[in-house]
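Have a look at this one before I ask anything.
Just so you know, all these numbers are worked out from the coordinates, no wet-lab data involved. Note that the structure is a prediction, hence the values are computed from the model and not measured. Here the Cβ is made from the backbone with ideal geometry for all residues, glycine too, and neighbour counts use every protein chain on show.
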Amino acid sequence: MTLSDTIAGLLGLNANDPLQFGIAAIIASTIVGTFMLVNVAIAGPWAKRKITATFTDRIAVNRIGPFGLMIIVADAVRLLSKELIVPEKVDRPAWDLAPLVIAGSALFGFAVIPMGSGIQVADPEVGLAYVFAVASLASVGLVMAGYASNNKYSMLGGLRAVAQNLAYEIPLVLTGVSVVLFAGTLQLGNVNAANTIVGAQQATLATVGGIEIPSWYAFVNPFAFMLFLVANLAEVGRNPFDTPEAPTEIVAGYQTEYSSVYFVLMYLGEFIHIFLGGAIIATIFLGGPAGPVLPGIVWFLVKIWAVFLLTQWARSALPRVRIDQLIEIGWKGMLVLSFANLILTAIIVGVVV
Amino acid sequence: MGNPWIAIGALALVGLLIPVGMMGISKLLRPSVPEQGKRSTYESGEIPTGDTRIRFNIQYYMVALLFVIFDIETVLIFPWTVIYRSALENGVSLTRTLGPMLVFIGVLVVGLGWAWRNGAVKWVRSPRAETQKDAR
């Protein structure tokens, strides 16, 4: 049962009627969308500052509200009420649409992610292919922003963004489908549905000292998990792979010329993207929303915030790679390793079955 | 069970309405003080020189070409991963399930090796950058 079906049932709507089901699905989507935006609102203006401050031995926001949490409201009002400066000779439709594409496409991915406790908008048979497809739509937005801004820094940033996403997209997808070799389906499903990616991870892998270890694919194939983590860091453009933005080289890359609400949307899109990356990692490698004692949604939050913490840690601790190093790591290192991983996984499955 | 693609379409609609709504709210809140001076693009405080359509490294073009090849290859690998396990469980031999894919990936890896040797994934330096490097 997906959330859309549950809501349709609660409201007494007929799930087989497209219009009635659509209404239920819009309510479900609004719940999921708002839920993710709340996460991003906490992560962006507050948690990110607090985490970086802790790493660099500072205090950061602490003036408004408990722990400075009300800075979220203050910053939202401040940023939305800034003047929107439209630079000379920007390509108008593309320049306006880019923030929309970046922020929107990141949200699309959450349609198929099982968040536990029955929260999942839809569960199509090709869920994994869908989520990879929409996650990479953001690259189009980045190129639009970079090319339309009429700024040389933006142009270089857009080019770097697309080169980086091209270099890491294939290792990401190849490593991602290596779990499909175990599961035999692209459907993400939920904890209770056996023949799905999440459901297949609930079987017991081994029993150590009376504790049952589930067959999460991070335990079954740690090599693929590590590869995917690195490729994901590059895909969301965080350190050490934040070359498209590289503040010390090209100012802010593709977002140099954006102000006001467009700036907010670019940042929003990036943060939703980090959480989407975390959600994909949690779903295909960390058993989805499964976990002991606590309800599924709590475990889902724990897992996506753990990935967010990892990206912030990398941001504070690792130096940025150069663009030529980035291309070499992607094409010479990650691609070869992901091929090796795919064949290795196929051989392991062949031997086990 | 409703059609999952209707639900996905609903989320796509909500996912677009949220940013559009934010743009609307901002439009109500923000001031508008048009002035020619602040509209010039940022170029470290200088008046921008020349056009934005600059010459850039050919490497970006090379990796884009490579990507097209390997992206089509991932599309072809997807269906194989889905049927692989059930084919093995139904008694199809490893040579018939894994063998053809090994050949396929092998051909691609040879292609990657060729591109590698030709320098398609090696960062191209301009002759000027090379002489500057030697002079140092």
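Given Cα pairs under 8 Å that are at least 6 residues apart, what percent is the relative contact order of chain A?
22
Roughly what angle does helix A:18-42 make with the longest principal axis of chain A, taking Cα atoms, 0 to 90 degrees, to the nearest 10?
60
Calculate the mean, over all residues of peptide A:73-84, of how many other protein chain Cβ atoms lie within 10 angstrom of the residue's Cβ.
Partner-chain Cβ atoms within 10 Å, mean over residues of A:73-84: 3.
Separation between the residue A:117 and residue A:203 pseudo-spin-labels, each 7 Å from Cα along Cα→Cβ, expressed in nm?
3.0
Continuing with this model, one more query. Per DSSP helix of 4 or more residues, -39500 (n - 2.57); summed, then divided by the residues of the protein assembly as shown. What does that give at 222 nm, rounded to the nearest 500?
Here the helix-only value at 222 nm equals -20500 deg cm²/dmol.
Now for a different question. Calculate the mean, over all residues of peptide A:6-17, of how many other protein chain Cβ atoms lie within 10 angstrom of the residue's Cβ.
Averaged over the peptide's residues, the number is 1.
I've got another one for you. Can you give me the P(r) profile for the range A:91-352? Cα pairs, bins 10 angstrom wide beginning at 0, each as a whole percent.
Going from the shortest bin to the longest, the percentages are 7, 30, 34, 20, 7, 1, 0.
Which residue, A:111, A:148, A:53, tops the fluctuation ranking in a GNM of chain A built on C-alpha contacts under 10 Å?
Judging by the Gaussian network model, the answer is A:53.
Taking the Cβ of residue A:60 as the centre, find all other residues whose Cβ is under 12 Å away and add up their charges (Lys, Arg: +1; Asp, Glu: -1).
+4
Work through the residues other than residue A:112 whose Cβ is under 12 Å from its Cβ and net out their charges, Lys, Arg +1 and Asp, Glu -1. It would help to have the intermediate numbers written out before the result.
Numbers: positive: none; negative: A:123, A:125.
Net charge in that neighbourhood comes out at -2.
About its Cα centre, how strong a charge dipole does the range B:4-131 have in debye, to the nearest 20, once Lys and Arg get +1 and Asp and Glu get -1 at the Cβ?
Value, rounded to 20: 160 debye.
Under the rule a/c < 1.5 gives rounded, and otherwise a/b versus b/c splits prolate from oblate, where does the protein assembly as shown land using the Cα gyration tensor?
Oblate, since a/c reaches 1.5 and b/c is not below a/b.
Which order do the peptides A:318-330, A:74-86 come out in when sorted by mean C-beta neighbours inside 10 angstrom, highest first?
For the peptides A:318-330, A:74-86, the packing ranking is A:318-330, A:74-86.
Can I ask one more? Let me spell out the model: positive unit charges on the Cβ of Lys and Arg, negative unit charges on the Cβ of Asp and Glu, origin at the Cα centre of the protein assembly as shown. What dipole size does that give, in debye rounded to 20?
Numbers: 31 positive and 29 negative charges, 222 e Å.
It comes to approximately 1060 debye.
Which of A:26, B:112, A:206 sits farthest toward the positive end of the charge dipole of the protein assembly as shown, with +1 on the Cβ of Lys and Arg and -1 on the Cβ of Asp and Glu?
Value computed over the given set: B:112.
Between residue B:104 and residue B:71, 0.36 nm times their residue separation minus their Cα-Cα distance comes to what?
Gain on stretching residue B:104 to residue B:71: 10.5 nm.
Give the separation of the Cα centroids, the range B:68-122 to the range A:267-282, in Å.
Going from one Cα centre to the other spans 29 Å.
If a/c stays under 1.5 just call it rounded; otherwise compare a/b with b/c (prolate if a/b is bigger, oblate if not). Do that for the range A:3-66, with a ≥ b ≥ c from the square roots of the Cα gyration tensor eigenvalues. The partial results should precede the final answer.
Working: a/c = 5.76, a/b = 4.36, b/c = 1.32.
It is prolate, given that a/c is not under 1.5 and a/b is the larger ratio.
From the phi angles alone, apply the Karplus equation (6.51, -1.76, 1.60; θ = phi - 60°) to the range A:100-115 and give each ³J(HN,Hα) in whole Hz, x where the residue is Gly or Pro.
Whole-Hz 3J(HN,Hα) from phi for the range A:100-115: 5, 5, 5, 6, x, 5, 5, 6, 3, x, 6, 4, 10, 6, x, 9.
Just to confirm a number: summing +1 for Lys and Arg and -1 for Asp and Glu over residues other than residue A:234 whose beta-carbon lies under 11 angstrom from that of residue A:234, what do you get?
Details: positive: A:238; negative: A:169, A:235, A:242.
Result for the local shell: -2.
For residue A:152, give me every one of the lysines with a C-alpha distance below 22 angstrom, ignoring sequence neighbours fewer than eight places off in its own chain.
Correct list for residue A:152: A:89, B:38.
To continue, here is another question. Could you give the dipole magnitude of the range A:1-82 about its Cα centre, charging the beta-carbon of Lys and Arg +1 and that of Asp and Glu -1, in debye to the nearest 20?
Dipole about the Cα centre, nearest 20: 660 debye.
Over all alpha-carbon pairs in the range A:92-139, figure out the percentage whose distance exceeds 12 Å.
So the portion of pairs separated by more than 12 Å is 63 percent.
Once you order the gyration tensor axes a ≥ b ≥ c over the Cα atoms, which shape class does chain B get: rounded for a/c under 1.5, otherwise prolate or oblate by comparing a/b with b/c?
It comes out oblate by the Cα gyration axes.
Could you tell me which of B:102, B:86, B:57 has its Cα farthest along the dipole of chain B towards the positive end, charges placed at Cβ (Lys, Arg +1; Asp, Glu -1), taken about the Cα centre?
It is B:57.
Could you work out, residue by residue across B:89-96, how many beta carbons of other chains sit within 10 Å of that residue's beta carbon, and then give the average as an integer? Intermediate results must be reported in sequence, preceding the final value.
Numbers: counts 2, 0, 0, 0, 1, 6, 0, 0.
The mean count of partner-chain Cβ atoms within 10 Å per residue comes to 1.
Now for a separate question. From the backbone phi of the range B:11-22, what are the Karplus-calculated ³J(HN,Hα) couplings (6.51 cos²θ - 1.76 cosθ + 1.60, θ = phi - 60°) in whole Hz, Gly and Pro given as x?
5, 4, 4, 5, x, 8, 5, 4, x, 5, x, 5
Long-range amide H contacts for residue A:205: which residues qualify at under 5 Å (H placed 1.01 Å from N, peptide plane, sequence gap of 5 or more or a different chain)?
Counting only residues 5 or more places away or on other chains, the set is A:213, A:215.
In addition: Can you work out the Karplus-derived ³J(HN,Hα) for every residue in the range A:56-62? Use 6.51 cos²θ - 1.76 cosθ + 1.60 with θ = phi - 60°, whole Hz, and x for glycine or proline.
Per-residue couplings from phi come out as 9, 6, 10, 9, 6, 3, 8 Hz.
For the charge dipole of the range B:1-131, defined by +1 on Lys and Arg C-beta atoms and -1 on Asp and Glu C-beta atoms about the Cα centroid, which residue among B:69, B:23, B:9 has the Cα displaced farthest towards the positive pole?
B:23
Could you work out how far helix B:99-117 tilts from the main Cα principal axis of chain B, as a 0 to 90 degree angle to the nearest 10?
In chain B, helix B:99-117 runs at an angle near 40 degrees to the longest axis.
Mind checking the range B:37-82 for trypsin sites (Lys or Arg not before Pro) that DSSP puts in a loop (not H, G, I, E or B) and that have at most 11 other Cβ atoms within 10 Å? All intermediate terms of the calculation are to be shown ahead of the outcome.
Values: sites: B:38, B:39, B:53, B:55; in loops: B:53, B:55.
For trypsin sites (Lys or Arg not before Pro) across the range B:37-82 that sit outside H, G, I, E and B with at most 11 neighbouring Cβ atoms in 10 Å, the list reads B:53, B:55.
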